[in-house]
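Written out below as structure tokens is the structure these notes cover.
The values are calculated or read from the model by the stated rules, or taken from the named source; none is laboratory data. None of the values given here were measured: they were computed from a predicted structure. Heads up, the Cβs are rebuilt from the backbone with ideal geometry, glycines too, and the neighbour counts pull from every protein chain shown.
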Amino acid sequence: MASLDPVNPAHVAFDRFVQAQDCEGVQRHFDELCQQLDIDLKDFQSFCSELKERLNYWRAKALWTKLDKRASHPDYQQRKACTKNKCLILGAGPCGLRTAIELSLLGARVVVLEKRETFSRNNVLHLWPFTICDLRGLGAKKFYGKFCTSSLDHISIRQLQLILLKMSLLLGVEIHTGVEFQGLLEPSGEKGWTAKVLPETHPASAYQFDVFISAGGGKFVPEGFKHKELRGKLAIGITANFVNRCTAAEAQVEEISGVARIYNQKFFQDLLTETGIDLENIVYYKDDTHYFVMTAKKMSLLKKGVIKQDFNEAEDLLAAANVDQEALLRYARDAAHFSTGGKLPELQFAQNHARQPDVAVFDFTCMQRAENASLVRERRGKKLLTALVGDCLVEPFWPLGTGIARGFLAALDTAWMVRSWGLGVPPLKLLAERESIYQVLSQTTPENTGKNYAAYSIDPKTRYLRVNLASIQSSQVQHLYIVDKSNPSSKKQNNRRSYARQDSGGSEELLKWCQKHTAGYDNVDVKDFTNSWRSGLALCALIHRFRPRLIDMSSLNASACVRNQQLAISVLEKELGIPPVMSAADFANGGQIDRLSMVLYLTQIKNTFTVLTQVHASTFLIGPPPAHHSVICKHHGPWGFQYKQACV
């Protein structure tokens with residue numbers, strides 16, 4: 001029988017590229033494809049058109065149709081919105097690559113730096129409906145045939161990275177693995193902004209850019225960004241990946257999309273009785289591996305010898321020296337065996353990047369959130385737009401599976417900002433809009449975003465319900481425009497004064513809103529943005545007006561200023577995701593309260609309460625649920641929130 005394999009070498013290279021299942025293989029076969037087609041990778045502006053023209057292959061045409069449909073959206077202006085921009089992205093994780101795709105569609109030259117040379121993360125991500133639609137629209141199924149088949153709504157991080165890597169390369173994104181980013185280098189002479197990298201002789205060290213985006217998780221946070229920490233009740237998570245041999249017996253084992261103690265007490269009691277393992281919840285997904293994730297009780301881990309010694313601090317409790325690795329392996333294996341009814345014939349641990357059994361115990365009590373999503377630096381007349389995406393912007397609340405969904409939303413938001421940058425929008429106006437959009441992100445759920453997923457674009461109004469792009473004014477983000485102090489521009493100073501004057505009307509409106517919603521409360525008289533807030537009662541009154549269950553006003557004492565402030569600050573941060581602008585003690589006892597900081601703080605509070613009221617906040621959860629309600633499947637929890645299937 002004659003072979004049906006294509007004989008055209010370029011077609012062979014394309015098939016190998018599509019089928020490649022590791023980072024090195026994808027890059028090698030892509031380089032081979034470009035060589036066969038005689039296409040210059042450096043010519044990013046004509047790369048895509050030449051690739052489509054020269055690769056006249058039926059297996060590629062369906063993919064071109066998908067990508068062409070996306071690229072034809074008016075937001076990209078025929079890939080000309082950012083043709084003058086050069087972008088550097090740190091990190092080839094899902095969020096970094098998703099951002100790179102959008103910036104390339106805008107016409108920018110995009111370079112991605114990744115320290116690792118392999119994609120080795122087996123953990124499985126839960127996908128919100130819009131992320132599934134988004135990836136399908138980019139041709140994910142062409143690269144991974146099993147993508148979200150039937151009722152599946154999850155994918156391994158490694159597989160998602162491979163899909164996005166292939167998409168990025170086809171769109172002309174330049175990706176360098178095995179390159180370590182060490183920091184930004186300021187302009188000198190005729191040279192613009194560059195990056196310090198290892199190895200020092202790598203070509204990326206000469207790349208000059210005007211947009212820098214960090215998608216490197218918490219490992220690298222650029223200068224000028226600060227993070228706030230949110231801590232809750234101790235919650236200990238365990239993830240475990242077992243080898244999936246893809247046998248018929250394994251295929252018959254049902255997944256566990258989310259079992260929580262409060263909804264299946266018998267299951268967890270039987271687990272405890274039979275194995276001594278005490279869990280709050282467990283999830284099992286079948287992907288490249290058999291993936292289990294669970295929340296374990298501390299006393300159970302101590303009794304089973306997983307944790308050697310009890311400590312008050314989570315960092316000490318889960319330090320490597322205080323965890324018995326062999327006991328941890330037994331704990332995870334026994335939990336997986338029991339929860340699947342012993343139907344998995346063998347439970348052999350898959351290997352992680354260090355070639356060790358892929359099991360981990362971690363604390364998800366603490367979450368980080370950046371105070372701002374963007375800033376602009378100017379040195380020697382050269383501006384650099386800097387932004388955060390992914391976990392270095394907002395760490396996900398682990399049990400709700402928010403990481404990849406909010407990561408993709410932030411990638412689209414950032415692309416919208418870069419579009420404005422390319423179109424010449426003034427920096428302060430651009431920053432104000434980006435920070436206005438950022439205020440919505442931490443409250444985003446599948447329930448309060450638009451349901452017409454096919455209409456989603458980089459324009460925030462297509463995704464967020466009733467988003468106010470002007471909720472933060474230009475005068476409130478002046479600190480995010482960092483100009484070389486040794487060479488101040490009087491023109492810029494005049495512009496900032498102009499922005500401040502323009503914002504005066506907005507401040508008056510904000511003050512009236514605060515007065516209206518604190519009227520009638522004892523010992524509360526809002527007259528300004530400084531001293532009126534010192535006792536803490538005004539903040540508590542605002543919260544009580546919209547969420548009376550969160551604060552008992554009758555228990556507050558006007559003289560206990562620090563206590564009042566701490567209560568208000570804690571509620572606003574933990575329940576609404578609004579980070580404080582200063583400590584409770586500084587509020588109550590310090591000197592002059594910074595007016596602009598207070599205006600920004602109150603603006604966030606106003607916007608949050610306004611949005612939540614408009615979308616009927618009583619139907620979804622504000623902030624993370626208590627640890628004992630962490631992973632639930634389609635049940636209503638304490639604040640009326642309908643929990644969804646979830647995992648890391």
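Figures for the structure shown
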read-out	value
Count of residues meeting criterion [surrounded by fewer than 17 Cβ atoms within 10 Å (Cβ to Cβ) and within 30 Å of T149 (Cβ to Cβ)] in segment 268-309	0
Failed condition for T201, given (1) in contact with a Pro (Cβ under 9 Å, 6 or more places away or on another chain); (2) loosely packed, with under 15 Cβ neighbours inside 10 Å	(1)
Selection count where residues are over 25 Å from R79 (Cα atoms) and either surrounded by 19 or more Cβ atoms within 10 Å (Cβ to Cβ) or in contact (Cβ under 8 Å) with a residue 12 or more places away in the chain (or both), scope segment 439-472	19
Number of positions in segment 182-195 that are part of a strand (DSSP E or B) and surrounded by fewer than 22 Cβ atoms within 10 Å (Cβ to Cβ)	7
Filtered residues of segment 355-398 (kept if within 22 Å of S156 (Cβ to Cβ), in a strand (DSSP E or B) and not aliphatic (A, V, I, L, M))	P357, F362
Evaluation of S168 against (1) in contact with a strand residue (DSSP E or B) (Cβ under 8 Å, 6 or more places away or on another chain); (2) among the small types (G, A, S); (3) part of a loop (DSSP other than H, G, I, E, B) (one fails), failing number	(3)
Selection status of I89, of a type in the set (A, V, I, L, M, F, W, C), crowded, with 24+ Cβ neighbours inside 10 Å and modelled with pLDDT of 95 or more	yes
Meets criteria (over 24 Å from L388 (Cβ atoms) and of a type outside the set (K, R)) for C148	yes
Selected residue [of a type in the set (V, I, T) and assigned to a helix (DSSP H, G or I)] from T414, T445	T414
Out of K228, K233, sole residue that is among the basic types (K, R) and assigned to a loop (DSSP other than H, G, I, E, B)	K233
Failed item in (1) modelled with pLDDT of 90 or more; (2) touching a Phe, Trp or Tyr at 6+ places or on another chain (Cβ under 8 Å), with G258 passing the rest	(1)
Only listed residue being over 25 Å from F242 (Cβ atoms), in contact with a helix residue (DSSP H, G or I) (Cβ under 9 Å, 6 or more places away or on another chain), outside any loop (DSSP other than H, G, I, E, B) and assigned by TED's automatic domain parsing to the domain that holds W58, chosen from I89, I155	I89
For T149: the one exception among (1) among the β-branched types (V, I, T); (2) closer than 28 Å to L55 by Cα; (3) surrounded by fewer than 14 Cβ atoms within 10 Å (Cβ to Cβ)	(2)
Test: residue in segment 111-126 that is basic (K, R), surrounded by fewer than 20 Cβ atoms within 10 Å (Cβ to Cβ) and at pLDDT 95 or above	no
Odd one out for L329, checked against (1) without any contact (Cβ under 8 Å) to a residue 12 or more places away in the chain; (2) in contact with a Pro (Cβ under 9 Å, 6 or more places away or on another chain)	(1)
Single condition G145 does not satisfy, out of (1) assigned to a loop (DSSP other than H, G, I, E, B); (2) touching a residue at least 24 places away in the same chain (Cβ under 8 Å)	(2)
Scan of segment 267-280 for residues that are within 15 Å of L234 (Cβ to Cβ) and either among the aromatic types (F, W, Y) or within 29 Å of the chain's Cα centre (by Cα) (or both), ordered by number	L279, E280
Number of the exception - N264 against (1) over 30 Å from S104 (Cβ atoms); (2) over 25 Å from the mean Cα position of the chain (by Cα); (3) surrounded by fewer than 18 Cβ atoms within 10 Å (Cβ to Cβ); (4) touching a residue at least 12 places away in the same chain (Cβ under 8 Å)	(4)
Residue count for segment 268-293, restricted to those that are touching a residue at least 60 places away in the same chain (Cβ under 8 Å) and hydrophobic (A, V, I, L, M, F, W, C)	5
Unique residue being more than 29 Å from the chain's Cα centre (by Cα) and at pLDDT below 85 when the list is S490, S559, S535	S490
Residue list for segment 166-189, filter: touching a residue at least 24 places away in the same chain (Cβ under 8 Å) and not hydrophobic (A, V, I, L, M, F, W, C)	K166, S168, G172, E174, H176, T177, G178, E180, E186, P187, S188
Filter result (over 33 Å from the mean Cα position of the chain (by Cα) and within 19 Å of S583 (Cβ to Cβ)) within segment 504-532	T530, N531, S532
